[in-house]
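Trainee: Pasting in a structure now, in structure tokens, and then I'll have a few things to ask.
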Amino acid sequence: MMKFRFRRQGADPQREKLKQELFAFHKTVEHGFPNQPSALAFDPELRIMAIGTRSGAVKIYGAPGVEFTGLHRDAATVTQMHFLPGQGRVLTLLDDDSLHLWEIVHHDGCAHLEEALRFQAPSRPGFDGASGLPSLAHITVVLLVAAGDMAALGTEGGSIFFLDVPTLTLLEGQTLGPDEVLRSVPDDYRCGKALGPVESLQGHLRDPTKILIGYSRGLLVIWNQAARCAERIFLGNQQLESVCWERSGHTVVSSHSDGSYAIWAADTSDSPTAQPTVATTPYGPFPCKAINKVLWRTCASGEHFVIFSGGMPRASYGDRHCVSVLQAETLVTLDFTSRVIDFFTVHSTRPEDEFDEPQALAVLLEEELVVLDLQTPGWPAVPAPYLAPLHSSAITCSAHVANVPAKLWARIMSAGEQQNPQPASGASSWPITGGRNLAQEPSQRGLLLTGHEDGTVRFWDASGVALRPLYKLSTAGLFQTDCEHADSLAQAAEDDWPPFRKVGCFDPYSDDPRLGVQKVALCKYTAQMVVAGTAGQVLVLELSDAPAEQAVGVASLDLLQDREGFTWKGHERLSPRLGPLPWPAGFQPRALIQCLPPAAVTAVTLHAEWGLVAFGTSHGFGLFDYLRRSPVLARCTLHPSDSLAMEGPLSRVKSLKKSLRQSFRRIRKSRASGKKRMVAGSKLQEANAQLAEQAGPQDVEVTPVQRRIEPRSADDSLSGVVRCLYFADTFLRDAAHHGPTMWAGTNSGSVFAYALEVPAAAVGSEKRPERAVEAVLGKEVQLMHRAPVVAIAVLDGRGRPLPEPYEASRDLAQAPDMQGGHAVLIASEEQFKVFTLPKVSAKTKFKLTAHEGCRVRKVALATFASVACEDYAETCLACLTNLGDVHVFSVPGLRPQVHYACIRKEDISGIASCVFTRHGQGFYLISPSEFERFSLSARNITEPLCCLDVHWPRDATRVSHRSRESPKLNQANGTPGIILAPQSCDGSPDPICKGADTPEPAEAMLSPMSIDSATSADTTLDTTGDMTVEDVKDFLGSSEESEKNLRNLSEEEARACAILIK
Amino acid sequence: MNRGHRHGAGSGCLGTMEVKSKDGTEFRRFSLERSKPGKFEEFYGLLQHVHKIPNVDVLVGYADIHGDLLPINNDDNYHKAVSTANPLLRIFIQKKEEADYSAFGTDTLIKKKNVLTNVLRPDNHRKKPHIVISLPQDFRPVSSIIDVDILPETHRRVRLYKYGTEKPLGFYIRDGASVRVTPHGLEKVPGIFISRLVPGGLAQSTGLLAVNDEVLEVNGIEVSGKSLDQVTDMMIANSRNLIITVRPANQRNNVVRNSRTSGSSGQSTDNSLPSCAPPPEPSLEPGEEDSDDDDIVIEDSGEPRQIPRAAPSAESLESLTQVELSFESGQNGFIPANEVSLPPVASGARTEFETSAPDQKLLEEDGTVITL
């Protein structure tokens, strides 16, 4: 009964108001490359590009920072997109034959991409071809004519319909049926065969009344819509794939299913034309695949470009994804790693220009966007400032570093530039430059680190809307893998015809799964980092501005600590390359520690000030002094009965059994839910159903989905997995002396706290003397509910998290309060608890699972700044649950503040990938290639803020929309943005809406608080977690005793003298 | 010695009662004021005095009318002993260090009376299983029915105590649908049900939970609107002190309240047991104590080492009694089998926390629930 007390507590109006000023939930922007793109469009006038996806999302990109997102109501594939040039409007065709007109509009001070009109083709089943009425079913192509006022729709039936675009209504009486066209075709071509679907419609740049129609059978017609007559007819006999009309209108190029393309002269007088002037099969003579699209671009030099996709020799290279670029005698076959969706050239579209003069070629692939500079000899690829394929190798972990110092930022940038030397023309060659980014230069720089399956760590500029790649660190070079031979072989084979050129960076194939990066930690002040991987490798690296050749010291650490009876059945450890190795400028390895057994590293933490790195696997944890290159501590966390941990990740029998079980469950579930749906009928049906159920209760659900209710036992499998590690300068032994400590939490709810003896640095030097570091077990806490410990953090006397290493000593953060009593926050998968230090006793707690039935997946301490008051901020605990909800709790009171639905609970990979930032933002993967950025803070919001000059011909005025795509209404992946605990907006005006037109509030919003943010430690605490009653073993009774312990006692002896406090 | 059913001279006198106290082989006789027996402490001192064993810890027992050796260790059972002694109160004293706890219990004295028989036929004696029953303070509660006064009669709030025992909690839950009669007619709502009991598990051995019981609350939190997995996690998170409110599938065994103002513990409907202790204050109820534990109200300096709460020993006997009583009432079948009138679940426990007990009649009548 007393439980309900806390619900009533929420009534404090002042606190409610403060909460509104601190917390707000928005999904702000999607970073990365759209998942499953299906359509591409480019507006040469505004220089903006649109990408449509199979889930019905529309994304418009311009200059970096200019982004618009929309989502069709029906999750249908976007098959075509066409910009109304210069109008900021785009017409989309979905695979359900509906047309949608999207506009970049402005209302309520917020502008965003909005669906203005939709048109559903009337389907007339049964009338196809039989009656004179042609059906509009199955639109195959769309062409905008007359500056976008009218659209021509080609259909599968061969008819062409005309549509008034401003209203999206069908223009009756203008429809062009295939019969009308056939009338102008000679009899011997007709021979009773249909023309087939309309494959291509092309407009003329200068004469909008003329349309070039290509039918599937091969017939090409230049149709004059004003005169309603066929001006020219080309009697092609090869199945048509696409058509391109040269800008002068004198030449027509058609591509065909046999891998050939044909050039037709349109300026000769004889009509119909029976033969093309040239017909070539570029990759002949053997059978080739179809050329899906062909473009013909003229140049003043007279050497025109022919760009086409496909057409590869079927037998030898039929599986390649290629686009060929041919100019005069130069042919390059661009070889991509994923399917080609579409491509366009950026060229002059002004009617007065005589030539196309293409500047760039943009190719949209299934997994990335590649842009080539066609004006620079060699056609180099232009690095994309956004739309980077995050998943060029699968993302295995991610971390966010906030407030990166300018010096480190510049060093990382320069390392990245050395890696990818920019072409001379530089960033200016990025051709998609529409719109203006109105967002202020971010006042603080955020770095997103992603670890990948291939052993690389990528550094991304996450300060703004455009997620820009900065630098790529590869750890594979340190290890001997057998992939190198394969690479050289492949290269040797590629010198032949066709002239392949590998383009793009999407490479889904991992060389060796052991290289996969599991955990990353970066010290932003010393530019030192730790990268830990799947085979138990822990690599300490340091940023160096010059290339170097050096050997890497290798140490191995046995975490089993001579436990008997275990055999590791998993993978071997990686064998490092010995001897001096060349390292380019950038992060260079300093030390390599290999855990034994080589299980995946599950937790890692770095303290650059102390020169220590701690790491944990499923077997135990270790502490390594990387300055002296010597191990300090190894501790086995295995439960004696835990045999599963030793099997390694390759226990196939187990996983097969599990997956079978799961699929059966799913089947049962779907059956059960099917039943539920049926119930939603009338009351009579309900009553009947009820009667039926009463009649035969035996066969209702023979084996229902059921869950066993049993407390977690101590010997659950993988109980020894180390879930989190943490360094803190705090009071572990007594209240008078603080000192370095290390904390480790395991899957079974155990917390180990070690007192460290780190030799103090001499005055004026940051290097600590070369003396051994000692570690002595100080305390051991067993959470009685035995849930995995997700995170540990120490709070200072004021209840604030301790600052990061160096922050306090370099005056970058407020020094922690060492006077008041410290406390340790232990977050398990089920509960949060704050314990006092040094005497461990429970201070506050919150039992999340017992109350909500959800489990903690990720937690982080974050600083939330108030929108109302410039210098007011609170440190809170942000938590993501297994249901995809985000909860925020006060610290150290652990009172629930707000909670929001963030990720669909079915989206397990999204939940697993979530990472919080220090200032109340977060990222999670909505697809393998896209991060969704969300914001829990009412002040610190990163979202598109841009403008686009558009003009609509109707009102003939140029309207400048300051477009603001804020609190995203729809999300491309269909994740509903429902706010679970909305704060009623009475009295507190939404700062976002207010600030949209005036730059000042927006500025305030966009400048994340860099001053007060420094007070919070970057405790992006770790992953997955659970907690009940605690046994605290105090290993250090009195302080004198502890002194003695520190010096003399080995760990085992310490254990013997332990006092068990219960 | 104990054979002597002496009708003492003074037994007939009003006010006094003869006491025969035996310590080992020695015995003392004295008399007590029947109307004012005094406190147990005084009586204990008196015994030490008359037996000349000051400062020796002893266990005090008495023979009740059925010839059972029962302990005297507090005022209640002392008064009970005095009031039922007819005519003689026979006291047995054992030194604590040599105490034979097994001596206490039913038939213990009768057995002793048959010493001769046992001597004559020793085989018979050996075959008899030797039942060891520990002292009340050694009991720990296994399960209890709580909050009977504030719940509708058709609901049952069961508390399962899971200690470090080997016995599993031992039950499974599943999704299901329950049909309710609301003002809008029949309404089918999803619910969580107990789907299976593990033989030999705690849940089964208590007899308080059964297959197809609908789970309404877990430790005071309503489960409506929560998924099966959520409810599973809630139960597991609370597994050390699990309080589940169910609507039993079998509504025939409900505890019937004859007094709405009784304490929160299930009170027996069998008033023939005069010794039944008065129900404890609601605030002393172990469930209550734990609600506090679940609460996020900050308690200062709760020492973690204190957190493993010992079983509230005062309650243990009480709880045990309740379990037995609920069985009895069940067997008696107080509610007609076709009784289906129930309040809707939504108005369940929480509303009633705030309403006073007399209002409950009203609440019970404003809705009906059909349990399938």
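The values are calculated or read from the model by the stated rules, or taken from the named source; none is laboratory data. In this text, all values refer to a predicted model and were calculated from it rather than measured experimentally. As a convention, Cβ positions derive from the backbone with ideal geometry for all residues, glycine included, and neighbour counts pool all protein chains shown. The protein model used for the area step is the full one, side chains on, heavy atoms only, and it has no ligands, DNA or RNA in it. Shrake-Rupley method; radii C 1.70, N 1.55, O 1.52, S 1.80 Å.
Trainee: In whole Å, what is the distance between the alpha-carbon centres of segment A:14-74 and segment A:150-176?
Mentor: 31 Å
Trainee: According to a simple spin-label model (label point 7 Å from Cα along Cα-to-Cβ), what is the distance in nm between residue A:798 and residue A:167?
Mentor: Rounded to a tenth, the inter-label distance reads 6.7 nm.
Trainee: Report residue B:252's accessible area, 1.4 Å probe, all protein chains in place, as a number in Å² to the nearest 10.
Mentor: 120 Å²
Trainee: Can you check how the C-alpha radius of gyration of segment A:132-286 compares to 2.2 N^0.38 Å, as a plain ratio?
Mentor: 1.00
Trainee: Here's something else I'd like to know. Distance between the C-alpha centers of segment A:564-588 and segment A:720-759? Whole Å please.
Mentor: 28 Å
Trainee: How far, in nm, would the chain grow between residue B:252 and residue B:56 when pulled straight, counting 0.36 nm per residue and subtracting the alpha carbon separation?
Mentor: Full-extension gain reported as 65.4 nm.
Trainee: Between segment A:184-216 and segment A:223-270, how many Å separate their Cα centres?
Mentor: Between the Cα centre of segment A:184-216 and that of segment A:223-270, the gap is 8 Å.
Trainee: So how much slack lies between residue A:96 and residue A:549, counting 0.36 nm per residue of separation and subtracting their Cα-Cα distance, in nm? Working shown, then result.
Mentor: Numbers: separation 453, 0.36 × 453 = 163.08 nm, distance 5.97 nm.
Result for the pair: 157.1 nm of gain on full extension.
Trainee: Ignoring any ligand, DNA or RNA, what whole percent of the accessible area of segment A:305-366 comes from carbon and sulfur when the probe is 1.4 angstrom?
Mentor: Working: 1070 of 2280 Å².
That fraction is 47 percent.
Trainee: Under a plain spin-label model, where a point goes 7 Å from the Cα along Cα-to-Cβ, how far apart in nm are residue A:147 and residue A:75?
Mentor: 4.1 nm
Trainee: How big is the B/A interface in buried accessible area, both sides summed, 1.4 Å probe, to the nearest 100 Å²? Can you show the working numbers first?
Mentor: Working: alone 21230 and 44840 Å², together 60680 Å².
For chain B against chain A, roughly 5400 Å² becomes buried.
Trainee: Can you give the FRET efficiency for residue A:908 and residue A:275, using 1/(1 + (r/R0)^6), R0 = 51 Å, r = Cβ-Cβ distance, to the nearest 0.05?
Mentor: 0.30
Trainee: Rounded to the nearest 10 Å², what accessible area does residue A:82 have for a 1.4 Å probe in the complete protein model?
Mentor: Answer for residue A:82: close to 50 Å² accessible.
Trainee: In segment A:790-933, with Lys and Arg counted as +1 and Asp and Glu as -1 at Cβ, which of these residues, A:877, A:822, A:866, has the Cα nearest the positive end of the dipole, that is, farthest along it?
Mentor: Of the candidates, A:822 comes out farthest on the positive side.
Trainee: Which sequence of A:445, A:458 reflects their accessible areas, 1.4 Å probe, from the largest down? Spell out each step's value before the answer.
Mentor: On the way: A:445 80, A:458 30 Å².
The residues order as A:445, A:458, largest area first.
Trainee: What do you get for GluC sites (Glu not before Pro) in segment B:186-224 restricted to DSSP loop and a cutoff of at most 16 other Cβ within 10 Å of the site's Cβ?
Mentor: Answer in residue order: no site qualifies.
Trainee: I need the P(r) histogram for segment B:147-261: all alpha carbon pairs, bin width 5 Å from 0 out to the longest distance, whole percents.
Mentor: In order of increasing distance, the bins hold 2, 11, 20, 24, 20, 12, 6, 2, 1, 0 percent.
Trainee: Which distance in nm do the two modelled labels at residue A:569 and residue A:17 give, with both placed 7 Å along the Cα-to-Cβ direction?
Mentor: Inter-label distance under the simple model: 6.4 nm.
Trainee: Using 22 Å as the Cα-Cα cut-off, could you pick out the over-long pairs in A:293/A:502; A:779/B:162; B:22/B:80?
Mentor: Violating the 22 Å Cα-Cα cut-off are A:779/B:162.
Trainee: Please report the accessible area of residue A:317 (heavy atoms, 1.4 Å probe, ligands and nucleic acids excluded) in Å², nearest 10.
Mentor: Estimated to the nearest 10 Å², residue A:317 gives 40 Å².
Trainee: Counting only protein heavy atoms, what percent of the accessible surface of segment A:152-275 is carbon or sulfur at a 1.4 Å probe?
Mentor: Values: 2190 of 4640 Å².
Answer for segment A:152-275 is 47 percent, counting heavy atoms of protein chains only.
Trainee: Of A:229, A:191, A:636, which has the most accessible area with a 1.4 Å probe, and how do the rest follow in descending order?
Mentor: Values: A:229 55, A:191 80, A:636 10 Å².
Solvent-accessible surface, decreasing: A:191, A:229, A:636.
Trainee: Round to a whole number: what % of the accessible area of segment A:461-616 belongs to carbon and sulfur, probe 1.4 Å?
Mentor: Details: 3240 of 6450 Å².
Looking at segment A:461-616 in its full context, I get 50 percent from C and S.
Trainee: Taking a 1.4 Å probe, which of B:66, A:321, A:26 shows the most accessible area, and what order do the others take after it?
Mentor: B:66, A:321, A:26
Trainee: I would also like to ask the following. Given R₀ = 22 Å, what would the calculated FRET efficiency be for residue A:440 paired with residue A:812, taking r from the Cβ atoms and rounding to 0.05?
Mentor: Approximately 0.45, to the nearest 0.05.
Trainee: Can you tell me the FRET efficiency between residue A:480 and residue A:352 if r is taken as the Cβ-Cβ distance and R0 is 56 Å, rounded to the nearest 0.05?
Mentor: Approximately 0.35, to the nearest 0.05.
Trainee: How about segment A:554-618: which trypsin sites (Lys or Arg not before Pro) there lie in a loop by DSSP and see at most 16 other Cβ atoms within 10 Å?
Mentor: A:563, A:569, A:577
Trainee: Please name the residues of segment B:151-182 whose accessible area, counted over protein heavy atoms with a 1.4 angstrom probe, falls by no less than 50 Å² between the chain alone and the full protein assembly.
Mentor: With the partner chains in place, segment B:151-182 has these residues losing at least 50 Å²: B:172.
Trainee: If you don't mind, another one. Along the principal axes of its C-alpha atoms, what lengths does segment B:21-87 span, in descending order and rounded to whole Å?
Mentor: Computed over the Cα atoms, the extents are 28, 24, 19 Å.
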